[in-house]
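To start, the structure under review is shown below, and the notes come after it.
The values are calculated or read from the model by the stated rules, or taken from the named source; none is laboratory data. Because the structure is predicted, anything quoted here is derived from the model rather than measured. Positions of Cβ are generated from backbone atoms using ideal geometry, with glycine treated the same way; all protein chains shown enter the neighbour counts. Heavy atoms of the whole protein, side chains included, go into the accessibility calculation; ligands, DNA and RNA do not. Shrake-Rupley method; radii C 1.70, N 1.55, O 1.52, S 1.80 Å.
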Amino acid sequence: MRTTSVGVFKIATRGPGDVSGLLGLIASRAIDPASILAILGKTEGNGGVNDFTREYAVAALCTALAPRLGLTPEEVEQRIAFVMSGGTEGVLSPHITVFTRQQLETPPAGISGKRLSIGMAQTRDFLPEELGRSAQIAETAKAVKAAMADAGITDAADVHFVQIKCPLLTSERVEEASSRGHKAVTISAYSSMAYSRGASALGVAVALGEVAADAKDEDVLRRYDLFSKVASTSSGIELMHNVVIVLGNSESSASEFEIGHAVMNDAIDAAAVIEALSSVGLGAQGLGAQGLGAQGLGAQAKAGRALVNVLAKAEASPDGTVRGCRHTMLEDTDISSTRHARAAVGGLIAGLAGTGAVYVSGGAEHQGPAGGGPVAVIARLP
C-alpha cells in the first residue's frame, strides 16, 4: 500500500534571506506549507565557523513560514528540518530544495516500483565533550534508523543519501566542558567541524551496516578506511544536536521522483557522476545519450525523465594528491581547502548535469573514500 507522496522543489535564491520563490509556490498552491518536511539550501557564505548566512537563511525561512503554519518562528524550526550548507564557490548557484510529504487516503493507480521517500529524526543535544567522539557516533546511528523507519525504508540498500546537520565547538563550549572537568576533542572551532562531520558520518555507516558497530573515538579522522557511501554531513554553529534526513526509495511512496547514487573516488571522478545520473535514467549533458561514448560510461537516458538536483560531498584529498598529482588545497592559508574542493567538484558536476544549481557540500570526512564522496541524483519521472 502506497501511503505517502513526496514532492521536491528546487528554488533559486537571490541571497540568504530571499524567500520570494518559496512564497510564490505557496501562493500558487504548488506547495502546501503544512506538508514541508525539510529544506536543504546552499548559501553564499564562506562555509566556515563564522558563516552566518546559514543562520540568516533559516531565520528568514522560519519567519516567512510561521504565519502560514500558525506557529512561531521557533516552532517552525522545530517542525521542519533545515540544513543550510555555506559556500557557493565557482559556478555553484545559491538555491534551496524543499521536500514535502503528504499522507494519501487513496493511493493512485498505475504506479510501480520504489519511489522517493524521506524520513527525519533528531538526536538529543550533545555535551561539548561528546562532539567528534563515540557518543555522537552512537546517537547518530539511532537517529538514522529512526529516520529510515519514518521514511518507510526497511532495506539499507534503498537508502541513497543521508543528510545530517551537526554542531561544532566554540570557545565558549570548550570552556563550558573544561569547567566541568572534561576535555573537548579539540580547542579549534574550525577543526571541530571536521570532527563532528566525521563522527556523524560514522554514525550513518554504523546504522547501515557499512562499518562495525564498535566505531571508537580514535577512529574519527584517523581510520579513513571506515566510511559511509551515502552520508553527507554539514557542521553549523546554530545547534547542539544532529538533524538527520534520510532519502531513499520505498514501495510505500507514490512520489513522482526517484533517487539514486554513486561514490566519487576522488575530486575528478566524472565516471561516478555519470553513474549516479544513469542510476535514475538520466544522461550527462554534452556527452550524448551514452555518456562518455566510446568509454561505455553512462546508460541510455530514459524518455521524459528530468533532473531535479544533484547532492554531493567534496573534500581535498588528505594525502595531498589527486591521481598522483600534488595539489595545494591543504597548504593554502588564504583560502580554506573546503572552498577549493567545493569549487572543483561543483564545476565537474555542473558541467555534467548542465546546471550550477547543485548541492555540493565541503568536508567529506568518512563520507566516501578519502578525497572522494557520495553523489546522489534526484529525477522526476514521466
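Expressed as a whole percent, how much of the Cα-Cα distance distribution for region 293-382 exceeds 22 Å?
Working: 1452 of 4005 pairs.
Taking all Cα-Cα pairs of region 293-382, the fraction more than 22 Å apart is 36 percent.
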Between residue 102 and residue 213, what is the FRET efficiency for a Förster distance of 41 Å, r being their Cβ-Cβ separation, to the nearest 0.05?
0.70
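Based on the mean of other beta carbon atoms within 10 Å per residue, what is the order of 147-160, 338-351, most packed first? Present the calculation step by step, with values, prior to reporting the outcome.
Details: 147-160: 19.5, 338-351: 23.4.
So the peptides 147-160, 338-351, ranked by packing, come out 338-351, 147-160.
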Mean residue ellipticity (222 nm) of the chain, computed from DSSP H runs ≥ 4 via -39,500 (n - 2.57), nearest 500
-8500 deg cm²/dmol
Contact order normalised by length for the chain, with contacts defined as Cα pairs under 8 Å and 6 or more residues apart; what percent is it?
21 percent
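Based on the alpha-carbon gyration tensor of the chain, what equivalent-ellipsoid semi-axes (square roots of 5 times the eigenvalues) come out, in whole Å, largest first?
Details: eigenvalues 172, 131, 83 Å².
Value: 29, 26, 20 Å, ordered largest first.
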What percentage of the solvent-accessible surface of the chain, computed with a 1.4 Å probe over protein heavy atoms, is contributed by carbon and sulfur atoms?
52 percent
For residue 44, enumerate residues with amide H under 5 Å from its amide H, sequence gap 5+ or separate chain, H modeled in the peptide plane.
87
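Would you mind checking the pairs 183/313; 10/142; 114/142; 10/42; 42/313 and listing those with alpha carbons more than 18 angstrom apart? Present the calculation step by step, with values, prior to reporting the outcome.
Working: 183/313 30 Å; 10/142 29 Å; 114/142 24 Å; 10/42 11 Å; 42/313 13 Å.
Correct reply: 183/313; 10/142; 114/142.
For residue 155 and residue 32, compute 0.36 nm times the residue count separating them, minus their Cα-Cα distance, and round to one decimal in nm. List each step's numbers first, then the result.
Working: separation 123, 0.36 × 123 = 44.28 nm, distance 2.98 nm.
Here the segment from residue 155 to residue 32 would lengthen by 41.3 nm.
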Work out the FRET efficiency for residue 191 and residue 20 from their Cβ-Cβ distance, taking R0 = 41 Å, and round it to the nearest 0.05.
0.65
Could you give the distance between the Cα centres of region 182-214 and region 215-230, to the whole Å?
8 Å
Rg and Dmax in Å for region 127-208, alpha carbons only: what are they?
14.3, 45
The ³J(HN,Hα) series, computed from each phi in region 135-140 with the Karplus coefficients 6.51, -1.76 and 1.60 at θ = phi - 60°, rounded to the nearest Hz and given as x for glycine or proline, is 4, 5, 4, 5, 5, 5
Farthest toward positive dipole pole in region 103-247 [+1 Lys/Arg, -1 Asp/Glu at C-beta], among 167, 228, 112:
112
Give me the one-decimal nm value for the distance between modelled label points at residue 183 and residue 74, 7 Å along each residue's Cα-to-Cβ direction.
3.7 nm
Expressed in nanometres to one decimal, the distance between label points 7 Å along Cα→Cβ at residue 319 and residue 175 is 4.2 nm
Along each principal axis of its Cα atoms, how long is region 1-70 end to end? Whole angstroms, biggest number first, please.
45, 27, 22
